[in-house]
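A.B. asks: The structure's right below; bear with me while I get my questions together.
The values are calculated or read from the model by the stated rules, or taken from the named source; none is laboratory data. Not measured: the values here are computed from a predicted model. Cβ: placed from backbone, ideal geometry, glycine included. Neighbour counts: every protein chain shown. Keep in mind that these areas ignore ligands, DNA and RNA; they rest on the heavy atoms of the full protein, side chains included. Shrake-Rupley method; radii C 1.70, N 1.55, O 1.52, S 1.80 Å.
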Amino acid sequence: MRPLAIALVAVLLAAGCSTPRRDKITVACGASERWCAMMVKRFSDSTGVEADFVRLSSGEALERIRTARARQEFDVWHGGPADSYVAAKSQGLLEPYRSERSGEIRQQWADPEHAWSGIYAGVLAFCNNTKELAERGMKPIRSWRDLLDKRLRGSVAIAHPATSGTAYTALWTHVELSGGDQDAALGYLRGLHPNVLRYNSSGSAAALQAAKEEAAVGVVFSHDCVAAQEQGYPNLEVTFPREGTGYELGGLAVLAGAHNPDSARRYVDWALSGASQRLGPLVKFYALPTNTQVPAHSKAADPATVKLVSYDVEVAGRAKQALVDRFSAEIAGPPA
């Protein structure tokens, strides 16, 4: 090798430089596979920035992001309940960014310090298989108390809160319904445990388990059940618990240590825009948009007609790790 080439290699190594990474981002995506695929493709088509994604439930995403803190594998985190983003923020895993689109997002649906922003909202519901319930002499479930019925032994589909944001939303909903009493909330879920088919790693899986008659009812966000209905499963009916139900605020954030922070910020700007938030129904994703310029789809849950608990995302996020650890120790360990 010539002296000049040797010198150049030495300089690059001393600077910690290897082959430069292309202008590409990788997204940790917490919504449905089809939605994730569409979003990164539309972003690339719109901006020319290459993008790919890894589909992860919120618990899995948080763990992967935390584990890779020093050598982050993702640039953006997109989708999944915001309480996980609150937990990530407290651990220094997010890079604050005030998007040029932040003024278009509904008030109180974003972090005041711009560590994350809300990207969609979904309401927790029951996904009833009316055929399976009728065989048990039951009508569609409309109460958390009814979910404890012995006729539902092994027939309730739900995920585990260590891996699923949906399941943690259900857990925190019971904390709110119990007036902040975590012991009471865990007591309810301990009573539900005999009726659980198995604890899934992903929250949306419960909708398909109900659709395919593996379970009589699933605890999911309503838009996941609607999506299953539209896949051709005729026996599904969405209902909401009369005592009150929780909701998710799907998050979006630039990750600390992103390889391409500029392109990651471009992704956030694009994802918050009205144009991108109109895309969900193309892949049967009917969550509520957070951009004030985008009307809710007719198939989205209407918060005005559903009794919602007072769900404080910040409080839920700060309590998450300890509460999930208690669930794993006292009720059931995470899925293998």
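A.B. asks: Below 19 Å, Cα to Cα, which lysines can Lys284 reach? Residues fewer than 8 away in the same chain don't count.
C.D. replies: Result set, ordered by chain and number: Lys41, Lys212, Lys299.
A.B. asks: In debye, nearest 20, what is the charge dipole magnitude of region 120-229 about its Cα centre with +1 on Lys and Arg Cβ and -1 on Asp and Glu Cβ, if you could check?
C.D. replies: I would put it at about 320 debye.
A.B. asks: Going from the alpha-carbon gyration tensor of region 51-135, what semi-axes, largest first and in whole Å, does one get by taking the root of 5 times each eigenvalue?
C.D. replies: In descending order, the three semi-axes are 29, 19, 11 Å.
A.B. asks: Helix-only estimate, please: 222 nm mean residue ellipticity of the chain, summing -39500 (n - 2.57) across DSSP H runs of length 4 or more and dividing by its residues, to the nearest 500.
C.D. replies: -11000 deg cm²/dmol
A.B. asks: Could you work out the local net charge near Val315, counting Lys and Arg as +1, Asp and Glu as -1, over the other residues with Cβ closer than 12 Å to its Cβ?
C.D. replies: Combined, the nearby Lys, Arg, Asp and Glu give -2.
A.B. asks: Charges only on Cβ, +1 for Lys and Arg, -1 for Asp and Glu: so what's the dipole of region 238-336 about the Cα centre, in debye to the nearest 20?
C.D. replies: 260 debye
A.B. asks: Next question. If you take the beta carbon distance between Arg318 and Ser102 as r and set R0 to 25 Å, what does 1/(1 + (r/R0)^6) give as a FRET efficiency, to the nearest 0.05?
C.D. replies: The formula returns an efficiency of 0.60 here.
A.B. asks: Further question: How far apart, in nm, are the 7 Å Cα→Cβ label points at Leu148 and Arg326?
C.D. replies: According to this spin-label approximation, the distance is 1.7 nm.
A.B. asks: Quick one: net charge of Thr166's neighbours, Cβ under 9 Å, K/R +1, D/E -1? Spell out each step's value before the answer.
C.D. replies: Values: positive: none; negative: Asp224, Glu248.
Computed value for this residue: -2.
A.B. asks: Using the Cβ atoms and a cut-off under 12 Å, what net charge is assigned to the surroundings of Asn235, where Lys and Arg are +1 and Asp and Glu are -1?
C.D. replies: Value of the local net charge: -2.
A.B. asks: Taking the Cα centre of the chain as the origin, how large is its charge dipole in debye, to the nearest 20, when only Lys and Arg (+1) and Asp and Glu (-1) carry charge on their Cβ atoms?
C.D. replies: Details: 37 positive and 36 negative charges, 96 e Å.
For the chain, the charge dipole is close to 460 debye.
A.B. asks: Tell me, in nm to one decimal, what length is gained between Glu213 and Thr292 on full extension, where the rule is 0.36 nm per residue of separation less the Cα-Cα distance? Write out the running numbers ahead of the final one.
C.D. replies: Details: separation 79, 0.36 × 79 = 28.44 nm, distance 3.82 nm.
My answer for the length gained is 24.6 nm.
A.B. asks: Put one equal scatterer on each alpha carbon of the chain, apply the Debye formula with no solvent term, and list log10 I(q)/I(0) at q = 0.13 1/Å to two decimals.
C.D. replies: Here the Debye-derived log intensity ratios amount to -0.93.
A.B. asks: Which lysines does Lys150 reach when only Cα atoms under 20 Å apart count, and residues fewer than 8 places away in its own chain are ignored?
C.D. replies: Candidates past the 8-residue exclusion: Lys131, Lys139.
A.B. asks: Give the Kirkwood hydrodynamic radius (Å, one decimal) of region 131-196, defined as one over the mean of 1/r across all pairs of different Cα atoms.
C.D. replies: Here the Kirkwood hydrodynamic radius works out to 12.6 Å.
A.B. asks: Related question: In terms of solvent-accessible area of protein heavy atoms at a 1.4 angstrom probe, what is the ranking of His297, His78, highest value first?
C.D. replies: If we order His297, His78 from most to least accessible, we get His297, His78.
A.B. asks: Can you tell which of Trp172, Leu148, Ala162 lies farthest toward the positive end of the dipole of region 143-194, using +1 and -1 charges on the Cβ of basic and acidic side chains (Lys, Arg; Asp, Glu)?
C.D. replies: The residue sitting most towards the positive pole is Leu148.
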